[in-house]
Amino acid sequence: MDMVQEGLSQELVRIFGYCLMPNHWHFVMQAQVDQGISEFIKWLTVTHVHRYRKWYGTVGHGHLYQARFKSPVIEGEAHFLTVMRYVETNAAVANLVQFPMDWPWSSAFERGMRHRAILSETPTPLPPDWGRQLVAHVEAYRASIQG
């Protein structure tokens, strides 16, 4: 999380949601400058690879990331809320935690704890019962796969 906060100091993007998973990550963001998302992701991935390789002593051992990132355009308020729900429930749907707000490397956690300064105000306000909606989404998903 420190690296994400460090990257935000470049003022390339605003982040509305995120979930850092053990083998991938999701961000919901908006560019603040031309090519801001690409520049932010480039900085983040290159910095992460350098620090990872140094920490584990694996410099020169091939790729760390599997493929280029994807950055689809969000079309409207309903799509924005769907994407946010997907991102913020990712860890709970993967059964890494019981509830979305329990995953410490996510915006769902940050919204409840308010101990980081990563998130920008969302362009579409989240409903007042957003946390309850996230839990209901996870419960519905779990019920559908048992079924």
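Computed from the coordinates by the stated procedures, all read-outs in this text should not be read as laboratory data. Because the structure is predicted, anything quoted here is derived from the model rather than measured. Note that we place each Cβ from the backbone using ideal geometry, even for glycine, and neighbour counts take in every protein chain shown.
Once you charge only the Cβ atoms, +1 for Lys and Arg and -1 for Asp and Glu, what is the size of the charge dipole of segment 2-146 about its Cα centre, to the nearest 20 debye? Display every interim value, and only then the final one.
Details: 13 positive and 13 negative charges, 98 e Å.
With only Lys, Arg, Asp and Glu charged at Cβ, the dipole is about 480 debye.
List the chymotrypsin sites (Phe, Trp or Tyr not before Pro) within segment 11-88 that DSSP assigns to loop and that have no more than 12 neighbouring Cβ atoms inside 10 Å. Don't skip to the end; give the middle numbers.
Numbers: sites: Phe16, Tyr18, Trp25, Phe27, Phe40, Trp43, Tyr52, Trp55, Tyr56, Tyr65, Phe69, Phe80, Tyr86; in loops: Tyr65, Phe69.
Of the chymotrypsin sites (Phe, Trp or Tyr not before Pro), the ones in loops of segment 11-88 whose Cβ has at most 12 other Cβ atoms within 10 Å are Tyr65.
Once you have all Cα-Cα distances for segment 62-147, histogram them in 10 Å bins from zero and send the whole-percent values.
15, 42, 34, 9, 1
For the chain, find the longest principal axis of its Cα atoms and tell me its angle to the long axis of helix 130-146, 0 to 90°, nearest 10.
90 degrees
Among Thr58, Thr89, Thr124, which one shows the biggest mean-square fluctuation in a GNM of the chain, springs joining Cα atoms closer than 10 Å?
Thr58
Looking only at Val83, Val59, Val97, which one moves most when the chain is put into a Gaussian network model with springs between Cα atoms under 10 Å?
Val59
Specify the angular offset, from 0 to 90 degrees and rounded to the nearest 10, of the alpha carbon long axis of helix 36-56 from the longest principal axis of the alpha carbons in the chain.
Here the helix axis deviates by roughly 70 degrees.
Could you give each residue of segment 85-90 its phi-based ³J(HN,Hα) in whole Hz, using Karplus coefficients 6.51, -1.76, 1.60 with θ = phi - 60°, and x for Gly or Pro?
4, 4, 5, 6, 9, 4
Which three lengths, in whole Å and largest first, does the chain cover when its Cα atoms are put on their principal axes?
Extents along the principal axes, in whole Å: 46, 35, 29.
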